[in-house]
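Okay, structure first, notes after.
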Amino acid sequence: MRTQYFTATSLDGFIATEDDSLDWLFPLGDVEATSYPEFITHVGALAMGSSTYRWMLDNADKVAASVGSPWPYSQPTWVFSSQQLPPIAGADLRFVRGDVRPVHAAMRQAAADRNIWIVGGGDLAGQFYDAGLLDQMIVQVGSVTLGRGKPLFPRRVTKPFKLTSVRQVGSGFVELYYDISPQE
């Protein structure tokens, strides 16, 4: 079991625009050509921040047109937010706030022997990293720049992550796999 931050970023290190749009991402390629279809089969639980969850709410029609349902995940999902957010019908959601450590323990139990996916955003992934709970980053780098927006990983990291794999996906993406050693 691993806790993984799987995400896409622009060349200049942003996962979304300032207004949380992902419209820059979709023209870059077909998700089915990436490692995502294999990745998701090994995921037993998800963690998501409130901005990512709000994007799911705001784009439920797009998601449904793409996958047949406004909520694309069968796994239980923990949504970290200090705000009251509406549920999505049919989704296995747990709304939480505060320290990621006790939530991670519950996620591990729910995931059994499968992985935990930190869906986003970057600060939530950083909180798991700060707590020593993040094992791997899988970053799809798209061939666009945004100039500004929501950062990939808003943390200062001086101990390099270990690059374990690089894979080109079409002409618009590269996937980078990093193992993360425990902080010292």
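Quick rundown of the values:
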| quantity | calculated |
| --- | --- |
| Alpha-carbon spread of the chain, three principal axes, descending order, Å | 44, 37, 30 |
| Contour minus Cα-Cα distance for H42 and T158 (0.36 nm per residue) | 38.8 nm |
| Sites R167 and N59, calculated FRET efficiency, Cβ-Cβ separation with R0 25 Å, nearest 0.05 | 0.40 |
| Mean Cβ neighbour count within 10 Å, used as a protection proxy, ranking 109-117, 123-131 highest first | 123-131, 109-117 |
| Charge dipole (debye, nearest 20) of segment 3-179; +1 at Cβ of Lys and Arg, -1 at Cβ of Asp and Glu | 520 |
| Segment 43-102: trypsin sites (Lys or Arg not before Pro) in DSSP loop, at most 13 other beta carbons within 10 Å | R97 |
| Among T52, T77, T145, residue whose mean-square fluctuation peaks in a GNM of the chain (springs only between Cα atoms under 10 Å) | T145 |
| FRET efficiency for R94 and S74, using Cβ-Cβ distance with R0 set to 22 Å, rounded to 0.05 | 0.90 |
| Nonlocal amide H pairs with V169, under 5 Å, H built at 1.01 Å | V174, E175 |
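Every read-out reported here was derived from the displayed coordinates using simple, explicitly stated rules and does not represent laboratory data. Since we're looking at a predicted model, the values are computed, not measured. Ideal geometry is used to build each Cβ from the backbone, glycine not excepted, and the neighbour counts take in all protein chains shown.
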